[in-house]
Every structure is written in structure tokens, then in C-alpha cells.
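Asks: One structure coming up, written as C-alpha cells, with questions to follow.
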Amino acid sequence: MKRLTILRHAKSSWDEPGVEDFNRPLNDRGWKAARRMGRELESRGIDFDLVIASPAARVRETIDGLKEKMKLNVEIRFEQRMYLASEKMLLHIVQEIPESSDAPLLVGHNPGLHQLVVELTRPDSHGLHERAAHKFPTAALARIELAANRWADVKAGSGELAELILSKELD
């Protein structure tokens, strides 16, 4: 079994109209949410053995916010294909994860991440799939347990949503 964690970047700023989308930073609310999520992951003992992330500024800053509150001493790969990736591209990236990784974290953008969470998982008795299908807001985190022995075998409906953590519900 493989475990995949997916985190949408925290809330970004629209205060500077001339800034290109790729370079948009987090706003104050986003920084607070990223730190809150890091604190929550640390308190739950959730860790990762690899981070694959979009190189966009708001994703990098989300990771920085996590690192302020949790130990994240693993390789962080900034993957250009993650920037505004479609669900299809994200699934391809998941299928390329090295087999040495059992607990990677993907950090990126909607709508691709939202679609990936919904596509990989099936309805469950706790209603997590339904909640995630309804909305995957900024700084939302989904932990998916996949019934696959190899990343290359991950496909639609092969996972179950084990946890759905929404930053706005943490305080």
C-alpha cells in the first residue's frame, strides 16, 4: 500500500495587480494557514519522505510556513509540470514517484489537485470523499491510502481518503 498526501497552497495575495500569477505571494491569512497546517501535522506525527511541489511563489511560501512549525527534513523537488497542472498531468507525476518513497507530499494548485483527490478516491463510510468532492479550499490537505504496491499502478478509484484536514477548521 502507498500513502499519498496532497496539499493545496495557502491563500495568495492579489494586492499587487502587476505581479504575474507565478510570482504571487501568500497573503497574511495564507501565512497563518500554512503555519497552522504545519503545527497540526507536527502534532499528529504526520511526516513525509519526499515533497514534490509547484515552483510558484505561493507554493514555496506554503512550504516555508509548514517548515516553521514542523520538521520537514526531506528532499523538496520543485517540479515545473506541477504549476497549474491538470488532473491527468498530476496522475502522471504520481505514477513517476520513485518506489523508494512511501509517503510523499504533493503541493500545488486547483483545480488539478481537487480533481486528482476526487478521481483517485472512492466514496467512503465517513463521507470524506463527498466533502472533498464538494470543495478543496486553500490550505486543504488530503491523505490518500492507495491499494497499489507500485506508484506506476496508481489509477482512478484506487484509493481511500484517510484524512481530510481543512486549515480553517483547526483553530
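Every read-out reported here was derived from the displayed coordinates using simple, explicitly stated rules and does not represent laboratory data. Note that this is a predicted model, so its numbers are computed, not measured. Heads up, the Cβs are rebuilt from the backbone with ideal geometry, glycines too, and the neighbour counts pull from every protein chain shown.
Asks: Amide H neighbours of E163 under 5 Å, counting only residues 5+ apart in sequence or on other chains, H built in-plane at 1.01 Å?
Replies: R143
Asks: Pick from S125, S101, S86: which residue has the top mean-square fluctuation in a GNM of the chain where Cα pairs under 10 Å get a spring?
Replies: It is S125.
Asks: Could I ask something else about it? Can you compute the FRET efficiency between E130 and M89 using 1/(1 + (r/R0)^6), with r the Cβ-Cβ distance and R0 = 25 Å? Round to the nearest 0.05.
Replies: 0.50
Asks: Can you list the lysines whose alpha carbon is less than 23 Å from that of K67, not counting same-chain residues fewer than 8 positions off?
Replies: K11, K32, K168
Asks: Sticking with this one: Considering only DSSP states other than H, G, I, E and B, which GluC sites (Glu not before Pro) in region 96-171 qualify as loop sites with at most 14 other Cβ atoms within 10 Å?
Replies: Those that pass, being in a loop and sparsely packed, are E96, E99.
Asks: Give the lysines reachable from K155 as a straight Cα distance under 20 Å; neighbours fewer than 8 places away on the same chain don't count.
Replies: Result set, ordered by chain and number: K2, K88.
Asks: Distance between the C-alpha centers of region 110-136 and region 1-38? Whole Å please.
Replies: Centre-to-centre (Cα) distance: 19 Å.
Asks: Quick check on region 36-98: take the gyration tensor over C-alpha atoms, sort the square-rooted eigenvalues as a ≥ b ≥ c, and tell me if it's rounded (a/c under 1.5), prolate or oblate.
Replies: Working: a/c = 2.23, a/b = 1.64, b/c = 1.36.
Prolate is the answer for region 36-98, as a/c is 1.5 or above and a/b outweighs b/c.
Asks: A further question follows. If you take the Cα atoms of region 2-169, find Rg, then find the Kirkwood Rh from the mean of 1/r over all pairs, what is Rg/Rh?
Replies: Looking at region 2-169, the ratio lands at 0.94.
Asks: Then there is this: Report, by chain and number, residues whose modeled amide H sits under 5 Å from the one on D124, excluding near sequence neighbours (fewer than 5 apart, same chain).
Replies: Those lying under 5 Å, H to H, from D124 are H129, E130.
Asks: For n ≥ 4 DSSP H runs only, could you compute -39500 (n - 2.57) per run for the chain, divide by its residues and tell me the 222 nm figure to the nearest 500?
Replies: One gets -9500 deg cm²/dmol as the mean residue ellipticity at 222 nm.
Asks: Output ³J(HN,Hα) for region 3-16: one whole-Hz value per residue in order, computed from phi by the Karplus curve 6.51 cos²θ - 1.76 cosθ + 1.60 with θ = phi - 60°, and x for Gly and Pro.
Replies: Karplus-based 3J(HN,Hα) across region 3-16 equals 10, 10, 10, 10, 10, 7, 4, 6, 4, 9, 8, 10, 5, 10 Hz.
Asks: Given Cα pairs under 8 Å that are at least 6 residues apart, what percent is the relative contact order of the chain?
Replies: The value is 31 percent.
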